[in-house]
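Written below as C-alpha cells is the structure these notes are about.
The values are calculated or read from the model by the stated rules, or taken from the named source; none is laboratory data. Small disclaimer: the values here were computed from a predicted structure and weren't measured. Cβ placement follows ideal geometry from the backbone for every residue including glycine, while neighbour counts extend to all protein chains displayed.
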Amino acid sequence: MYYPDLEWFLILANLLGVHPEKKGSTVQMLIYTTILCSCLSIPGLTVVMLSRMDHVDITDVLRCLSNFTVFIHGTIKISTLYLKRSQLFNLLERTRYRFWKLKNYDQMVKSTKWIRNMHAYIMITYTVAQMIKPHMRGRPLKFRIYTPDWIPRVAVLLYEDFVMMSGISSIVAFDVLVRTFLVLAEAQFKMLNQEFLLLYDRHEFDQGLLYQRIRKCVQHHSFLIDFMNRFTDIFSTALLLFVAGLNMIYTCYSL
C-alpha cells in the first residue's frame, strides 16, 4: 500500500486516464485523449473568436487570458502524467519498498492530508465559481470563446463544465503528486541525517556493526540522490513551463 496521498492521487489519475499502473489500457488512452482535446479546444476557440473580431487590442486579449493559462497549464500537467507513466510507476514503487519507515507516520499523514484537502477545496471553489459565473453576471457562456450559432447554449455550458472540471482536476492531481514526493523525500533525508548523527553517539562500540550502519546510510543516500534525479527528469520541464507561464501573466498584467 502506498502513502495515503499517493493512493488519493491514483484514484484521481484513474479518472483522468493517466493511471501509472494501466499503461496499456485502451480506456485510459481514450479518457486522456478526450480530456486533452477538450482542454486544447478552449484556447483554440479563443483564437478563432479573436480572429473574427474587427479590431483586437491588448484589453481583449487580457479579458480571455485565463482561457490560455488555465487550460494550457492543465494540458501540460496531464500530458506529463500520461507520457511519464512508466517513470512515475517506478517512483511509486520506490516509495513503497525502498523508503525507510516513517517514525511519525500518523502525524505526518494527518498534516499532509489537511494540506491536500485544503488545496483541493480551493481549486473546487474556483471551479464552482467559474460554473456559476454566467448565471451571476448574466453572461451567455463561462468563457469568451467562439461558438457556432447552431449549437444550443445548454450543450455549450455542459461542455465548458466538463472542460473546466477536467483541467482543474489535472492540475490538482499533478500538484498533489509532486508535493507528496517532495514531502516524503524530505522526511527520508531528515531520517538519514539523524542516522548519521547517531552513528557514534552510542554507548557500545562494535567496529563491524559501525561499518554495517555506515554502509546502510551510504546506500540509502545514493538511493535518495537517484530518486531525486528521476523526479527531476519527470517533472522539471512541466515545472519550468509553469514558472514561465507565471512570468508571462505578470508581464501581461503589468503592461
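Say whether the condition of being of a type in the set (D, E) and either in a helix (DSSP H, G or I) or in contact with a strand residue (DSSP E or B) (Cβ under 6 Å, 6 or more places away or on another chain) (or both) is met by at least one residue in segment 146-153. Please lay out each step first, then the result.
Start the filter on segment 146-153 by keeping residues that are of a type in the set (D, E), which leaves 149.
With either in a helix (DSSP H, G or I) or in contact with a strand residue (DSSP E or B) (Cβ under 6 Å, 6 or more places away or on another chain) (or both) added as a condition, the list becomes none.
No, segment 146-153 contains no residue that is of a type in the set (D, E) and either in a helix (DSSP H, G or I) or in contact with a strand residue (DSSP E or B) (Cβ under 6 Å, 6 or more places away or on another chain) (or both).
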Kindly check whether there is at least one residue in segment 34-41 that is farther than 22 Å from E160 by Cα and either crowded, with 16+ Cβ neighbours inside 10 Å or without any contact (Cβ under 8 Å) to a residue 40 or more places away in the chain (or both). no
I'm checking my understanding of the structure. Among residues of segment 64-119 that are of a type in the set (V, I, T) and either free of Cβ contacts under 8 Å to residues at least 40 places away in the same chain or crowded, with 19+ Cβ neighbours inside 10 Å (or both), which one is farthest from M29 (Cα to Cα)? T112
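Whether any residue in segment 19-27 is closer than 24 Å to L224 by Cβ and surrounded by 13 or more Cβ atoms within 10 Å (Cβ to Cβ) is what I want to check.
Start the filter on segment 19-27 by keeping residues that are closer than 24 Å to L224 by Cβ, which leaves 20-21.
From the residues that got through so far, the ones that are surrounded by 13 or more Cβ atoms within 10 Å (Cβ to Cβ) too are 20-21.
Yes; the residues of segment 19-27 include at least one that is closer than 24 Å to L224 by Cβ and surrounded by 13 or more Cβ atoms within 10 Å (Cβ to Cβ).
Take T180 and decide whether it is of a type in the set (S, T, Y), more than 19 Å from I11 (Cβ to Cβ) and crowded, with 17+ Cβ neighbours inside 10 Å.
Details: of a type in the set (S, T, Y): yes; more than 19 Å from I11 (Cβ to Cβ): no; crowded, with 17+ Cβ neighbours inside 10 Å: yes.
In short, no.
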Which numbered condition in (1) modelled with pLDDT of 90 or more; (2) closer than 17 Å to Y146 by Cβ is the only one that L15 fails? (2)
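Considering each residue of segment 42-58, count those that are touching a residue at least 40 places away in the same chain (Cβ under 8 Å) and outside any helix (DSSP H, G or I), and give that number. Show your work before the answer.
We begin by selecting, within segment 42-58, every residue touching a residue at least 40 places away in the same chain (Cβ under 8 Å); these are 42, 45-46, 48-49, 52, 58.
Restricting the remaining residues to those that are outside any helix (DSSP H, G or I) gives 52.
Number satisfying all stated conditions: 1.
Report yes if some residue within segment 96-103 is part of a helix (DSSP H, G or I), more than 25 Å from C217 (Cα to Cα) and either among the aromatic types (F, W, Y) or at pLDDT below 90 (or both); otherwise report no. Don't jump to the end; show me each part of the working.
Of all residues in segment 96-103, those part of a helix (DSSP H, G or I) come to 96-97.
So of that shortlist, the ones also more than 25 Å from C217 (Cα to Cα) come out as none.
The answer is no; no qualifying residue exists.
Answer with yes or no whether V70 is outside any loop (DSSP other than H, G, I, E, B), at negative phi and aliphatic (A, V, I, L, M). Explain how you work it out, then say what you get.
Numbers: outside any loop (DSSP other than H, G, I, E, B): yes; at negative phi: yes; aliphatic (A, V, I, L, M): yes.
Considered against the rule, which asks whether it is outside any loop (DSSP other than H, G, I, E, B), at negative phi and aliphatic (A, V, I, L, M), V70 comes out as yes.
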